[in-house]
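A.B. asks: Below: one structure in structure tokens.
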Amino acid sequence: MPATQKILLLDDEQELLDVYQGLLKSLPQQPDVRACDSGARAIAMLESEPFNLLISDLNMPRMDGLQVLSIVRRRFPQIRIVVMTSVMDEQYRNRAYSLGVDLFWQKPGNEQEIKLFMECIQSLLEREEQGGFRGVQSKSLVDLIQLECMSQNSTVLKITNGQSEGRIWILNGEIIDSVVGDMTGEEAFKRIISWKGGNFEGLPAETARTRTIFNSYQGLLLDAAQSIDESQASNPAEMPVAAEGEEGRARVTPAQAIGRIQGVEFVLDLPVDAQKPPETWGVDNPEPLSKWMRATVESFRQMGEQFVAGQVQEVEGRGLHRHAVVSVGRDKLLCVGLQRSLSPEQIRETMKNVLAQWAS
């Protein structure tokens, strides 16, 4: 029977320690999870008994997280290290990766991010290497790229598959370039994504890399998945039948057309009539987002009536992970997720293109 794996959780916030100690104990490996609230205490615990994984905050009093990481990496080179912090600074991230951390993660802010964080920790604890990447049988390269992008990382992913080697450049959670052999850009990205297994390595970020990819990572993964499906369908009879337009071309939905606009990460085209289904692109679970859209627009409608301000036309929100804009049409609502790197001027320009496409 394999020995119980042990995790040390370091943070000066006791409430967070209590929450994540309980979550981590529920992992399939059922690890032994210890917690401490200071860097000195963490080092003392690591010296007194072996641990498989250290999860550390950065912003702590007295001995900060970077000091702890430097000492731990020097004294305990075999331990895996994950940074979980609310400090999303590129300099901190680069310094952490230079110290050899396995993952730099922003403290999860919603249920989906917590789920991804837990999956990543599970991956780091798994030891078997029977295919897949990072020695993780259950995780595909797509999963790993999503983790890097959703945690807003900057890194260069080096992927080898037999004699082939490819690289994917990620800057602040956005894929900016990819190379394999003579291929570059999106063509190279699709080739790498088609690999079923190999070795995976995270290299230091290259902030000066010239950008050749402008599609969002969701769009890239969706396009790559479609290309893989088409190439694997050896029998034409098994290929999905696309709706045909007047010129015999495959029909592209309004949501798909909007998703191709540079800077767009997801699209939800929602009829005002709740009985009609929405059209989506890049949205895994549209129901919660649909409910939020209806409730938000209704709240602003009531506010407009109260202050005699007229009807709401657009609601814009800006967040750490992405921006979102809700536009109100005559019989439909449109929610568009936008890349967080867009400036207010770029958001307005992108939305002009989006609304022009939506109205066409």
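The values are calculated or read from the model by the stated rules, or taken from the named source; none is laboratory data. Keep in mind that this is a model prediction, so the values were computed, not measured. Using ideal geometry, Cβ is built from the backbone for each residue, glycine included, and neighbour counts are taken over all protein chains shown.
A.B. asks: Considering only residues of segment 1-44 that are among the acidic types (D, E) and part of a loop (DSSP other than H, G, I, E, B), which is farthest from the chain's Cα centre (by Cα)?
C.D. replies: Filtering segment 1-44 for residues among the acidic types (D, E) gives 11-13, 15, 18, 32, 37.
Next, from what is left, pick out any that are part of a loop (DSSP other than H, G, I, E, B): 11-13, 37.
Numbers: D11: 23, D12: 26, E13: 25, D37: 28 Å.
Among residues in segment 1-44 that are among the acidic types (D, E) and part of a loop (DSSP other than H, G, I, E, B), the one farthest from the chain's Cα centre (by Cα) is D37.
A.B. asks: For L10, only one of the following conditions fails: (1) surrounded by fewer than 17 Cβ atoms within 10 Å (Cβ to Cβ); (2) under 24 Å from S86 (Cα atoms); (3) touching a Ser or Thr at 6+ places or on another chain (Cβ under 7 Å). What is its number?
C.D. replies: Just one mismatch for L10, condition (1).
A.B. asks: Taking V87 as meeting all but one of (1) at pLDDT 75 or above; (2) closer than 21 Å to L16 by Cα; (3) surrounded by fewer than 18 Cβ atoms within 10 Å (Cβ to Cβ), write down the number of the exception.
C.D. replies: All conditions are met except number (1).
A.B. asks: Right, here's the next one. Does Q21 satisfy being out of contact with any Gly (no Cβ under 7 Å at 6 or more places or on another chain) and modelled with pLDDT under 90? Steps first, please.
C.D. replies: Numbers: out of contact with any Gly (no Cβ under 7 Å at 6 or more places or on another chain): yes; modelled with pLDDT under 90: no.
No: the conditions fail for Q21.
A.B. asks: Of the conditions (1) more than 23 Å from Q146 (Cα to Cα); (2) within 27 Å of the chain's Cα centre (by Cα); (3) surrounded by 13 or more Cβ atoms within 10 Å (Cβ to Cβ), V312 fails just one. Which one is it?
C.D. replies: (2)
A.B. asks: Where residues in segment 30-74 are touching a Ser or Thr at 6+ places or on another chain (Cβ under 7 Å) and charged (D, E, K, R), which of them is nearest to L10 (Cα to Cα)?
C.D. replies: For segment 30-74, the residue satisfying everything is D57.
A.B. asks: Can you spot a residue in segment 169-188 that is at pLDDT 85 or above, more than 15 Å from the chain's Cα centre (by Cα), under 22 Å from L338 (Cα atoms) and assigned to a helix (DSSP H, G or I)? Steps first, answer last, please.
C.D. replies: Of the residues in segment 169-188, the ones at pLDDT 85 or above are 169-171, 174-188.
If we keep only those that are more than 15 Å from the chain's Cα centre (by Cα) too, we end up with 177-188.
Those still in the list that are under 22 Å from L338 (Cα atoms) too: 177-178, 185-186.
Now drop any that are not assigned to a helix (DSSP H, G or I), which leaves 185-186.
The answer is yes, given that some residue of segment 169-188 is at pLDDT 85 or above, more than 15 Å from the chain's Cα centre (by Cα), under 22 Å from L338 (Cα atoms) and assigned to a helix (DSSP H, G or I).
A.B. asks: Among (1) without any contact (Cβ under 8 Å) to a residue 12 or more places away in the chain; (2) buried (at least 18 other Cβ atoms within 10 Å of the Cβ), there is one condition E279 misses while meeting the rest; what is its number?
C.D. replies: (1)
A.B. asks: Next question, about the same structure. Taking only segment 218-274 into account, find how many residues are part of a loop (DSSP other than H, G, I, E, B), at pLDDT below 80 and within 19 Å of the chain's Cα centre (by Cα). Break it down into steps so the answer makes sense when it comes.
C.D. replies: Taking segment 218-274 and keeping what is part of a loop (DSSP other than H, G, I, E, B), we get 233-235, 239-243, 245-249, 251-253, 260-263, 272-274.
Subsequent filtering for residues that are at pLDDT below 80 retains 233-235, 239-243, 245-249, 251-253.
Adding the requirement that they be within 19 Å of the chain's Cα centre (by Cα) leaves none.
Going through segment 218-274 one residue at a time, the tally reaches 0.
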